[in-house]
Amino acid sequence: MKENISSQFKYTVDLGLEATKTTFKLKKTKKDNIVHILVVVFMFVMVGVLIWDIVRDASFVIDLIILIALIGVEIFNLVMPKIIMYNQKKFLKQLNLAEIEYTITEISKNKCTESYYKNNKVVMQNVCEMSTLVAYQIKDNYAFVVFNNFACAIFDLNTLNISLEDFNHELDTVIAKNKLTKTNKH
């Protein structure tokens, strides 16, 4: 990385919630989608097996247990993001973000650091290794930068110290390098 990349902005609850939503959306992998589809397919298969066992007067207890388990997994997959969003909103409100005067997000020395300031002193900080960067999304003058541990750093595009084109290029380069490194490890 040629130079430090940074931006300064006022962190809000809404911005934090948008970061969480973006993280869920971008962090989903092909494997997650395949598992979701397979659970639904197996639910239909188990309904068919259950009906077939009932029609031929066979025991259907195991079929019912498997079907209930599959339905439970699907409900968990659908409800868990909503629970996490609720808890994140509660957590962000407890942080009393109104007292935080500004946030500076910076990428330097292969680390992405979000520093929260009050009275010109750092009161809280999140640090992620750039080697764990998996995706990013530009939305409403903000860049949401997602790491593999579900962390998300936010950059305000209006106060970014480099051009958006250079910023995108830097992130794309790091993501490509991380994918290559991950592929070579397996």
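The values are calculated or read from the model by the stated rules, or taken from the named source; none is laboratory data. Nothing here was measured: the structure is a model prediction, and the numbers come from that model. Please note: Cβ atoms are built from the backbone with ideal geometry, for glycine as well, and neighbour counts cover all protein chains shown. Surface accessibility is based on the protein's heavy atoms, side chains included, excluding ligands, DNA and RNA. Shrake-Rupley method; radii C 1.70, N 1.55, O 1.52, S 1.80 Å.
Exactly one of these conditions fails for GLN125: (1) in contact (Cβ under 8 Å) with a residue 40 or more places away in the chain; (2) surrounded by fewer than 14 Cβ atoms within 10 Å (Cβ to Cβ). Give me its number.
(1)
Looking at (1) touching a strand residue (DSSP E or B) at 6+ places or on another chain (Cβ under 9 Å); (2) charged (D, E, K, R); (3) surrounded by fewer than 14 Cβ atoms within 10 Å (Cβ to Cβ), which one does GLU165 not meet, given that it meets all the others?
The failed condition is (1).
Can you confirm whether GLU18 is open to solvent by 30 Å² or more (accessible area, probe 1.4 Å), at pLDDT 90 or above, within 26 Å of GLN125 (Cα to Cα) and assigned to a helix (DSSP H, G or I)?
yes
Determine whether ASN33 is surrounded by fewer than 12 Cβ atoms within 10 Å (Cβ to Cβ), modelled with pLDDT of 85 or more, polar (S, T, N, Q) and in a helix (DSSP H, G or I).
For ASN33, the condition - surrounded by fewer than 12 Cβ atoms within 10 Å (Cβ to Cβ), modelled with pLDDT of 85 or more, polar (S, T, N, Q) and in a helix (DSSP H, G or I) - is not met.
Check segment 30-44 and report whether any residue there is touching a residue at least 40 places away in the same chain (Cβ under 8 Å) and within 30 Å of ASP166 (Cβ to Cβ).
no
For segment 67-98, what are the residues that are loosely packed, with under 13 Cβ neighbours inside 10 Å and either in contact (Cβ under 8 Å) with a residue 24 or more places away in the chain or in contact with a Ser or Thr (Cβ under 8 Å, 6 or more places away or on another chain) (or both)?
If the condition is that a residue be loosely packed, with under 13 Cβ neighbours inside 10 Å and either in contact (Cβ under 8 Å) with a residue 24 or more places away in the chain or in contact with a Ser or Thr (Cβ under 8 Å, 6 or more places away or on another chain) (or both), then LYS93 is the only one that fits.
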